[in-house]
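Trainee: Starting off with a structure, shown below.
No lab work stands behind these numbers, since they all come straight from the coordinates. Worth saying up front: this structure is predicted, and the values here are computed from it rather than measured. Cβ: placed from backbone, ideal geometry, glycine included. Neighbour counts: every protein chain shown.
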Amino acid sequence: PLTVLTTDAVGLSGGLAQLVTTVGVLAALVQVLGLVRWVQVVPWLAARHETADESGKAVLEAELALLNRLLGVAVGEHLGYLLTGAWTALLGVGLLSTSLPVALGVAGIALGGLLVLCSLEFVARPGEHGWRAAEAATPFVYIAWSLWLVALGALLALA
């Protein structure tokens, strides 16, 4: 709902508004899919782990590792970062055509691009770690992105 409200509050319309909203909803969806494993799957696996024999425990641990890699890393984090970056950059483009400060739009475009690069943190061959520069940058980019969201919200509240 917040991506729809943001698109409306900023005053976007037409094809760009539809694109911003669609990408924002997809970003939220993949992040929810990544996080839902913690409340749906992990407790279920943990309950079975308590009563399993050694070979059963090994199977359950492998299932957890697979689900974390698939839902957590591939879907929630990689696609989540990628789509959140795309949403931010697209919203930044839209902000350039509003009465809000141009710097907010430019910052959104830049931060969106950085978030897309941060999604490369998880791209690696099996057994490898991924792009270390993205791994190092990700926490700082997300802090900057959070501050950008706060600034956007404050400016929209004042408008």
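Trainee: Alpha carbons only, please: Rg and Dmax for region 1-79, in angstrom.
Mentor: When restricted to the Cα atoms of region 1-79, Rg and Dmax are 18.4, 59 Å.
Trainee: Right, something else. Go from 0 up to the bin containing the longest alpha carbon distance in region 82-159, width 5 Å each, and give me the % of pairs per bin.
Mentor: 3, 17, 23, 21, 14, 9, 6, 4, 2, 1, 0
Trainee: Calculate how steeply helix 132-158 sits against the longest principal axis of the alpha-carbon atoms of the chain, using the helix alpha-carbon long axis, and give the answer as 0 to 90 degrees to the nearest 10.
Mentor: Once rounded, the angle reads 40 degrees.
Trainee: Using a Förster distance of 41 Å, how high is the FRET efficiency between Asp8 and Asp53, based on the Cβ-Cβ distance and rounded to 0.05?
Mentor: Details: r = 56 Å, r/R0 = 1.36.
Rounded to the nearest 0.05, the efficiency is 0.15.
Trainee: Jot down the radius of gyration and Dmax of the chain, Cα atoms only, both in angstrom.
Mentor: 18.9, 64
Trainee: May I pose another question? Run lengths n ≥ 4 of DSSP H only: what is the helix-derived mean residue ellipticity at 222 nm for the chain, with -39500 (n - 2.57) per run over all residues, to the nearest 500?
Mentor: Helix-only estimate at 222 nm: -25500 deg cm²/dmol.
Trainee: Treating region 36-96 as a set of equal point scatterers at the Cα positions, no solvent, please give the Debye-formula log₁₀ I(q)/I(0) at q = 0.15, 0.19, 0.23 Å⁻¹.
Mentor: The computed values of log10 I(q)/I(0) come out as -0.57, -0.72, -0.88.
Trainee: Related question: Amide H neighbours of Val123 under 5 Å, at least 5 residues apart or on other chains, H built in the peptide plane: list them.
Mentor: Placed amide hydrogens put Trp131 under 5 Å from Val123.
Trainee: On to the next question. Return the whole-Å distance between the Cα centroid of region 88-149 and the Cα centroid of region 28-79.
Mentor: Taking the Cα centre of region 28-79 as reference, the centre of region 88-149 is 27 Å away.
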